[in-house]
């Protein structure tokens, strides 16, 4: 296929050349009605590029096939049979993918280290989750993806499960043995769905971890805005084989997706694919070299411990994305949240993620010598000034096994059940009717239907005292919990 083409961008350029006047949405009419004060901040071209696909980029019959051509090029670029664009982010794409594999009341294996959007999908879709617990790293207090044997054990226990949803890479860059999990799933003749939101760049350089399509996954979801070059909310479904119906996937996406898809997302997805096919190896090669330099320099700073390939050598993960710079800061006597707040306030550096133990920075093809220098200078300053950062109450981290809570009700049933709010000191033993997710990264510690324990409550409440953000709880202070009412 001709990857020098970018059908969406070409159609947008042609729309402007023709000078079409649209008498439908958007109401700003390609910026003519935009408030100049808004255009001054976001740029008038944002509005000029906000064009409908129907009777805009394409005609009423979509006879030019603008979007379908762009999707075919994307599929060809990454080795998928089909690709579909989504403009609602992978938070919606994962709901669609799960519904394409399992309907309400049916079982689906799911990595328990899933983002809250996955647990939300369980509630919305009504599937019965069979949690596959991740491989816990007690020393780092970190969850790595589950292994093929973990999946095999669950499929033997639940032979009526309709498939598996695997999350890889994690927010911290550790990667699953996708090929091994795919082989297990296919032994049981069920599909493997891979939530590869952090892995859109993986197909374009051989030194990066395995790409889901190459590793024989059936359906892979990517968030191109995370590690790629498209704008926020850009997501792509990649499909191969016949275990998940293309027709079913399209219908589920039509059911859940927006009817007002953003041309801005389509256009940047299209352009990013072209850039990666033409220049991706060179751009990612430079990013990999840059990440190696940053990791080496940061690793020499006292009090910092940089995570890397040793997690593979230790048998904790199948691979590690070297473009994720993950740094344990506990040696400085502070938490990752404190480090992130100090770096933003004092160095104007915004880290990609943080938790009790660590901070992370994503290095992409967009980084350059300046951003490399700024990050390293900021880390040096953090080390020098760490003793001036006010110490906060200690977060009482539970043993990994304490995070494997009993699932007493289906998440959907618990979420929509009659509820009551109880003081935290009386919540142990009750069934949660809500998600409680320290954010970021936003992996629920408690999901609806799980039984609350004293150990988890102690962890969450000490976290709040330290400054952990819990935005999805009914009471973000976790002084009270939303639980299923007793009948």
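What order do you get for 405, 57 when you list them from fewest to most C-beta neighbours inside 10 Å?
Sorted ascending by nearby Cβ count, the order is 405, 57.
How large is the Rg to Rh ratio of the chain when both quantities use alpha carbon positions and Rh follows Kirkwood?
For the chain, the value is 0.97.
Over 21 Å, how big is the tail of the calculated P(r) for the range 201-270, in percent of all Cα pairs?
So the portion of pairs separated by more than 21 Å is 35 percent.
Once you compute Rg and the Kirkwood Rh from C-alpha atoms, what is the Rg to Rh ratio for the range 334-443?
Ratio of gyration radius to Kirkwood radius: 1.12.
Exposure proxy check: 390, 300 ranked by fewest other beta carbons within 10 Å?
By the 10 Å Cβ count, ascending: 390, 300.
Round to a whole angstrom and tell me the spacing of the C-alpha centers of the range 178-240 and the range 425-487.
31 Å
Along each of its three principal axes, how wide is the spread of alpha-carbon positions in the range 442-487, in whole angstrom units, largest first?
Principal axes ranked by extent give 36, 20, 20 Å for the Cα atoms.
Can you work out the base-10 log of I(q)/I(0) for the range 297-366 at q = 0.15, 0.17, 0.25 1/Å, using the Debye formula on its C-alpha atoms alone?
-0.51, -0.65, -1.20
What is the diffusion coefficient of the range 276-319 in µm²/s, taking the Kirkwood radius over Cα pairs and the Stokes-Einstein relation at 4 °C with a viscosity of 1.567 mPa s?
For these conditions, the coefficient is 105 µm²/s.
Relative contact order of the range 79-269, please, whole-number percent, based on alpha carbon pairs below 8 angstrom and at least 6 residues apart.
27 percent
For a footprinting-style exposure proxy, rank 170, 87 by other Cβ within 10 Å, fewest first.
Least to most surrounded, the residues fall as 87, 170.
Using only the alpha-carbon atoms of the range 400-484, report the extent along each of the three principal axes, biggest first, to the nearest angstrom.
That gives 32, 25, 22 Å along the principal axes, largest extent first.
If you line up the Cα atoms of the range 1-51 on their principal axes, what length do they span on each, largest first, in Å?
That works out to 42, 25, 16 Å along the principal axes.
Where Rh denotes the Kirkwood radius from the mean inverse Cα pair distance, what is Rg over Rh for the range 79-269?
0.94
All of the numbers you see were taken from the coordinates with simple rules; none came from a lab. Note that the structure is a prediction, hence the values are computed from the model and not measured. In this analysis, Cβ positions are derived from the backbone assuming ideal geometry, glycine residues included, and neighbour counts consider all displayed protein chains.
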